[in-house]
Amino acid sequence: MVGKTLTRNDVARKAGVSPATVSYIINDGPRHVADSTREKVLQAIKELGYQPNAVARSLRMQKSNIIGLIIPDNKNTFFAEVALGVEQVAFENNFNVIMCHSAYKQEREMAYVDMLISHQVAGVIWIPCSQDVRAAQELKRFHKPFVLVDRVISNVNSPSIVVDNFQAGFQVTQHLVSLGHQKIGYIDRSVDMSNNMDRLRGYRAALEEANVKFDPNLVTRGGFRHEDGYAACKRLLSIQDPPTAIIAYNDMNAIGVMDAAHELGLRVPQDLSVAGIDNLAFSKYSFPPLTTVDIPKFEMGIASTKLLIELIKGDSQSEQIITCCTVHLKVRSSTSVPSTTPIRLIKSLIEME
């Protein structure tokens, strides 16, 4: 059979049965088939190396053992760790995973949703990149169960697995305040998603609890990558009364902040304390090791997949937001007590050299 595409007719001829019988056995059809006949067909499939067309089969049966996973950035190890949890649970439950990378683009996200629906996936795990409701509406229209991860979409009633991002923002700010910092810069994302909005609320709540006045000049909006943190740090340190500490939206931002500080001749943490959120794998190997908040990424992947499989099997009808796992502050060497010399004076001395 080398060079020829095998069909069910080939299996039927080898097993000495009808093509219809082969179809019934492959598709677990309702027709009764003798055990001896089933064994002959399965043996013929094995000997020929026949592989049924999974996509065509799922289209006929209106179901599949495939789960779609949509992530915004395949270069960010945060999402890679979520994906590891998804794949582990999916594999244990005999599901395959199709991973889709939206690149933070709504139209690309929508195109992937259409593709997954056309492939009759059993369900979708989705980390949305915006508040656009169209993809969610499309999944609901085709009765495809889905679970949102890490963030929710306003006005979309959907099962969601999130962590306490408010506590993440609160804990890291509280840590810096406890060290004596009064002027704490904060790098926020430019897109209003629930996770970054909750982190910002936590930052403001910690300041309020410590009777530190909130200063909007110390908050700057940007992206989520290294270069965004680099640019945001330059902006914050250029204001008239710059911060003595900076909290970045995530660890990738924070590494950009430290690079910008080093370029300006500032020492971390002696001149400027820097902290992130996420606890990505590289953060403890940065120079200096980064103080950050551990977000249970792998656990979110596990919890979201377990919930999706329950929805697929009809064992759950949950549409509530589920907060899974707690967050924990990881204090490392990038934060310390504030310098007795103001940042603006340190910068002036460096510029004079």
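The values are calculated or read from the model by the stated rules, or taken from the named source; none is laboratory data. This structure is a prediction, so every number in the text was calculated from the model and none was measured. Every residue, glycine among them, receives a Cβ derived from its backbone with ideal geometry; neighbour counts consider all protein chains shown.
Restricting the search to segment 1-59, which residues are assigned to a helix (DSSP H, G or I), among the polar types (S, T, N, Q), at pLDDT 65 or above and within 45 Å of the chain's Cα centre (by Cα)?
Selection gives Asn9, Thr21, Ser23, Gln43.
If you check Val268, Val257, which single one turns out to be over 17 Å from the mean Cα position of the chain (by Cα) and assigned to a helix (DSSP H, G or I)?
Numbers: Val268 fails: assigned to a helix (DSSP H, G or I).
Of Val268, Val257, the one residue that is over 17 Å from the mean Cα position of the chain (by Cα) and assigned to a helix (DSSP H, G or I) is Val257.
Filter segment 82-98 down to residues that are assigned to a strand (DSSP E or B) and either under 12 Å from the mean Cα position of the chain (by Cα) or surrounded by 17 or more Cβ atoms within 10 Å (Cβ to Cβ) (or both), then give me how many there are.
Taking segment 82-98 and keeping what is assigned to a strand (DSSP E or B), we get 96-98.
Adding the requirement that they be either under 12 Å from the mean Cα position of the chain (by Cα) or surrounded by 17 or more Cβ atoms within 10 Å (Cβ to Cβ) (or both) leaves 97.
Within segment 82-98, residues that are assigned to a strand (DSSP E or B) and either under 12 Å from the mean Cα position of the chain (by Cα) or surrounded by 17 or more Cβ atoms within 10 Å (Cβ to Cβ) (or both) number 1.
Each residue in segment 65-81 was checked for being over 18 Å from Ile161 (Cα atoms) and outside any helix (DSSP H, G or I), and 6 pass.
Using the structure shown, decide if Asp278 is acidic (Asp, Glu) and crowded, with 19+ Cβ neighbours inside 10 Å. Give the steps one after another, and end with the answer.
Working: acidic (Asp, Glu): yes; crowded, with 19+ Cβ neighbours inside 10 Å: yes.
Spelling it out, Asp278 is indeed acidic (Asp, Glu) and crowded, with 19+ Cβ neighbours inside 10 Å.
Would you pick out the residues in segment 121-138 that are closer than 19 Å to Val86 by Cα and either outside the structural domain of Phe95 (by TED's automatic domain parsing) or over 15 Å from the mean Cα position of the chain (by Cα) (or both)? Full working, then the answer.
The first filter runs over segment 121-138 and keeps only residues closer than 19 Å to Val86 by Cα, leaving 121-129.
Within segment 121-138, Val121, Ala122, Gly123 qualify.
Which of the residues belonging to segment 262-313 are closer than 30 Å to Ser158 by Cα and charged (D, E, K, R)? Matches in segment 262-313: Asp278, Asp294, Lys297, Glu299, Lys306, Glu310, Lys313.
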